[in-house]
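**Q** After the structure tokens below, expect a handful of questions from me.
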Amino acid sequence: MKIQIECLPEPKLAFGQGKTGLEPRRLLAKAGPADAGRLTNVRLALVGTAPDVDAAKPWLLKLNGFLPANEGNSARYREWPGAPSALGIQFSVDDTFVRRVDEQRLQLARAKGLESKEGFEDLLDLFDNRIKGLLGDNRPDCIVVCLSDEAADLRVENPGLTAAERRALEQLRAEEESQQMNLFTPTPEELKAAEELRMQADDLLFRTFYRALKARAQQHVNAVPIQILRRETVDRPHDKGQSLATRAWNISSALYYKAGGLPWRPADLPENTCFVGISFHHLKRRTGSLVYASVAQAFSTDVEPFTLKGATIDHNQRHDKQPYLNEAQATELLRSVLDQYEAQSGMVPARVVIHKTTMYHAEEERGFRIATHDRVPTCDLIWMRSTPFRLIRKGMQEPWRGTLCKVGSETYLFTSGFVPWWNEYPGPHIPAPIEIGASGETDIRQRASEILALTKMNWNSTEGMSRYPITLSFAKRVGQLMSELSENQAPNPSYRFHM
């Protein structure tokens, strides 16, 4: 059996002043964000109880100044230079944008029991009404919802499910867990990554407060993205867990993006290429039946990431226990993506690359190719999934991130691994690759390079790398909110409302 191993070049990111580099923290401190100069002040609103808001406000304003790092590896964990130096902005919190929730109403909700349907809904209304009060003509750039650890962790059984529906979802959850355990001795990181990209029956079996609040907030007229800030993040001692600097890097990048900024963009991806992730999520119809909602997530260097809801699919429309699109559904969904891309960029893409976490059903492949026929010259259909495959280097180092290994007809890509510019492997276990493949002819090495670049587009983390590309990690963000939307509601198309 023929084995080929090579290490792909690490994709670069683009920042301000035309500078490019491998990781965000170093380049932001030197050159600023990709759209440097477009924003100078990010106006934050605060919503929460008086104690949580009063603790969050001074902590957020500290983001404008220097904060130390104490994790040890200075190449990876850099000191926070302050928002003016890293992002060219000031964070501000005007008193007119501070909304404290009513303590009496909060106590009434607690008296009903926050884990009851009535208490949960009362708490949701209490916070949501404060958010709606900020959406007038003079709106903030981002709303920071300050949650106690109790509220941030609040999870209740979905009261809208019948006993039969609950049994059906529990069976689906068991199937999903069984598929995850098919991995050979999976690490906790692999289980988490696999779990995040599956349909997640738990998303419909249970309601979480922060997810329900995000779903409500994005449906308002003149909606503003929200950022959840846990009290634990504010109160955590600087010598426990992430340092002040690391927390500042990550939340500042997220706030900047949600306010309309662009911290960094890929430097090595081809222009006018539309990358699309296709995913499925559990949904309950008003009639009571359980279905799958199909969703497409699109990313390009030319347009802002967006999402579109496709057809709802009966639970019986599955192959190897996985839902799939029939030919007409696949055609319609991809045509909608192309229409939206053209509306945003003024042109149709030169290439479309579709990502899925399962192999393509024959009907899906036909539908996607019909949608691009005579409209887009090239359409690549790529799948990726977790795998029990492992690769051990001779010596002390783990396989490098970007290692591409071909074993016969199978291809494995290490999106995690030893990071040479940090001189460190950021993980506790042997690096686990993802297996990638294609339906139809394609340059699999080039597709792997694109996947590697797209793993660097998570603006929630300034480490600059994730296990899966944004096309699929975006899917989890959208999927978390789908169960909170009615059948005729679509998720807000902008990624700013989901990250």
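The values are calculated or read from the model by the stated rules, or taken from the named source; none is laboratory data. For clarity, every value in this text was computed on a predicted model and none was experimentally measured. FYI the Cβ positions are ideal-geometry reconstructions off the backbone, even for glycines, and counts take in every protein chain you see.
**Q** Select, from Ser253, Ser294, the only residue that is touching a Phe, Trp or Tyr at 6+ places or on another chain (Cβ under 7 Å), crowded, with 21+ Cβ neighbours inside 10 Å and farther than 30 Å from Gly32 by Cα.
**A** Numbers: Ser253 fails: farther than 30 Å from Gly32 by Cα.
After ruling out the rest, the residue left standing is Ser294.
**Q** Could you tell me whether any residue of segment 90-105 is part of a loop (DSSP other than H, G, I, E, B), of a type in the set (D, E, K, R) and closer than 30 Å to Gly464 by Cα?
**A** no
**Q** Could you please give the count of residues in segment 420-447 that are at pLDDT below 95 and assigned to a strand (DSSP E or B)?
**A** 2
**Q** Which numbered condition in (1) under 29 Å from Ser74 (Cβ atoms); (2) over 26 Å from the mean Cα position of the chain (by Cα) is the only one that Phe418 fails?
**A** (2)
**Q** Of these, Ala293, Ala311, Ala298, Ala343, which one is free of Cβ contacts under 8 Å to residues at least 40 places away in the same chain, under 17 Å from Pro493 (Cα atoms) and touching a strand residue (DSSP E or B) at 6+ places or on another chain (Cβ under 7 Å)?
**A** From the options Ala293, Ala311, Ala298, Ala343, the qualifying one is Ala311.
**Q** Collect the residues in segment 258-304 that are of a type in the set (A, V, I, L, M), under 30 Å from Thr20 (Cβ atoms) and assigned to a strand (DSSP E or B), keeping them in residue-number order. Write out each step before concluding.
**A** Initial filter on segment 258-304 (of a type in the set (A, V, I, L, M)): 259, 262, 267, 269, 276, 278, 283, 290-291, 293, 295-296, 298, 303.
If we keep only those that are under 30 Å from Thr20 (Cβ atoms) as well, we get 259, 262, 267, 269, 276, 296, 298, 303.
Of everything in segment 258-304, those that are of a type in the set (A, V, I, L, M), under 30 Å from Thr20 (Cβ atoms) and assigned to a strand (DSSP E or B) turn out to be Val276, Ala296, Ala298.
**Q** Does segment 459-474 contain at least one residue that is part of a loop (DSSP other than H, G, I, E, B), modelled with pLDDT of 95 or more and charged (D, E, K, R)?
**A** Scanning segment 459-474 turns up no residue that is part of a loop (DSSP other than H, G, I, E, B), modelled with pLDDT of 95 or more and charged (D, E, K, R).
**Q** Of the residues Glu71, Glu6, Glu10, only one is among the charged types (D, E, K, R), within 23 Å of the chain's Cα centre (by Cα) and not in a helix (DSSP H, G or I); which?
**A** Selected residue: Glu10, the only one of Glu71, Glu6, Glu10 that is among the charged types (D, E, K, R), within 23 Å of the chain's Cα centre (by Cα) and not in a helix (DSSP H, G or I).
**Q** Here is a further query. Pull up segment 13-25, narrow it to residues that are among the charged types (D, E, K, R) and under 23 Å from the mean Cα position of the chain (by Cα), then point me to the one that is nearest to Gly88 (Cα to Cα).
**A** The selected residue is Arg25.
**Q** When only residues in segment 429-481 that are within 21 Å of Phe306 (Cα to Cα) and either small (Gly, Ala, Ser) or not assigned by TED's automatic domain parsing to the domain that holds Thr378 (or both) count, which is surrounded by the fewest Cβ atoms within 10 Å (Cβ to Cβ)?
**A** By that ranking, first place goes to Ser461.
**Q** Which residue, of Val42, Val53, Val98, is assigned by TED's automatic domain parsing to the domain that holds Arg230, out of contact with any helix residue (DSSP H, G or I) (no Cβ under 9 Å at 6 or more places or on another chain) and of a type in the set (Val, Ile, Thr)? Before the answer, list the steps.
**A** On the way: Val42 fails: out of contact with any helix residue (DSSP H, G or I) (no Cβ under 9 Å at 6 or more places or on another chain); Val98 fails: out of contact with any helix residue (DSSP H, G or I) (no Cβ under 9 Å at 6 or more places or on another chain).
One residue alone meets the criteria, Val53.
**Q** For residues that are surrounded by 18 or more Cβ atoms within 10 Å (Cβ to Cβ) and under 15 Å from Gly88 (Cβ atoms), scanning just segment 38-55, find the one that is modelled with the lowest pLDDT.
**A** For segment 38-55, the residue satisfying everything is Leu39.
**Q** Kindly indicate whether any position in segment 104-116 is surrounded by fewer than 19 Cβ atoms within 10 Å (Cβ to Cβ), over 20 Å from Asn458 (Cα atoms), at pLDDT 95 or above and not β-branched (Val, Ile, Thr).
**A** no
**Q** Here's another thing I want to ask about it. Looking at segment 305-364, which of its residues are of a type in the set (A, V, I, L, M, F, W, C), surrounded by 17 or more Cβ atoms within 10 Å (Cβ to Cβ) and in a loop (DSSP other than H, G, I, E, B)?
**A** Leu325, Met359, listed by residue number.
**Q** Another one. Against the definition (farther than 18 Å from Arg247 by Cβ, buried (at least 16 other Cβ atoms within 10 Å of the Cβ), among the aliphatic types (A, V, I, L, M) and within 27 Å of the chain's Cα centre (by Cα)), how does Val98 come out, yes or no?
**A** no
**Q** Here's a check for you: in segment 6-37, which residue that is of a type in the set (D, E, K, R) and touching a residue at least 40 places away in the same chain (Cβ under 8 Å) is surrounded by the most Cβ atoms within 10 Å (Cβ to Cβ)?
**A** Among them, the one singled out is Arg25.
**Q** Right, something else. For Glu487, work out the one condition from (1) modelled with pLDDT of 90 or more; (2) surrounded by fewer than 24 Cβ atoms within 10 Å (Cβ to Cβ) it doesn't fulfil.
**A** So Glu487 meets the others, but not (1).
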